[in-house]
Amino acid sequence: GLGADVGPAVGRPGDRRTCYPAGLVIGQEVGKYRIVDEIAEGGMGMVYRAEHLTLGSPAAIKILLPKFTVDPLVVQRFFTEAKATSAIRHVGIVYDFGMLPGGSAYIAMELLRGEPLSEFIERQRQIGPHAAIAITLQLLAALDAAHVIGIVHRDLKPDNIFLVPDAGSPGGVRV
C-alpha cells in the first residue's frame, strides 16, 4: 500500500524545485498535468498531486518506479490496470496514462480527498456496526463493479481502501 515515508527529497544544483526518488520534479509536466506535490510512495510506485495544465483541475499521478519500468510485463499490467479502472463505472476514475520521455510509466486519475481505511480504523479505534456495514456494502459494490468487467483486485487491504467523506452516501463516506 501507499505509506507516507518516502525518504528525503533532493534538490538539483541551482534548482529550487524538489526531485523525488521516481525522478519527477515539482513543476514538471506529465502528459497534460503539472506535478504539484508528492503524496505517497508504495511498493511499485509514487503518487503525486498534480493539476491539469489547461483546466487547473486536481489529479493524482501514479508513477511506476524505474526499477519496474524495465520489465515490459509489469508496464503492460500497469497500463491494463489503467484501462480497466477507466472502464469501471465507479469512483476513482482514470483520466489518462502513458510513458514519460525518461521511460517511466504513469497513470493520471481522480485526486480523492479522504483517508485509507487503515488510518480510519486507527483513528476511530472501534467502528460501530452501522459504519462497518455501510463501508462493507460500498466496498462490495465497488468490487462487484470491477468483477462485472472481469477485473480482480490483487492487493485488497485496508491501506488500499480509500474512504471519502460524502454526506449523500450511507454512513457519510464512500469507498
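Can you report the number of residues in the stretch 162-175 which are modelled with pLDDT of 75 or more and open to solvent by less than 80 Å² (accessible area, probe 1.4 Å)?
Residues that pass the stated criteria total 4.
Considering only residues that are open to solvent by 30 Å² or more (accessible area, probe 1.4 Å), farther than 17 Å from ARG113 by Cβ and modelled with pLDDT of 90 or more, which ones fall in the stretch 33-50?
Selection gives ARG34 alone.
Could you pull out the residue among GLY27, GLY43 that is part of a loop (DSSP other than H, G, I, E, B), over 23 Å from PHE162 (Cβ atoms) and not basic (Lys, Arg)?
On inspection, the qualifying residue turns out to be GLY27.
The values are calculated or read from the model by the stated rules, or taken from the named source; none is laboratory data. Being a predicted model, the structure only gives us computed values, none of them experimental. No Cβ is skipped: glycine too gets one built from the backbone with ideal geometry, and neighbour counts run over all protein chains shown. Remember, those area values only see protein heavy atoms, side chains included, never the ligands or the DNA or RNA. Shrake-Rupley method; radii C 1.70, N 1.55, O 1.52, S 1.80 Å.
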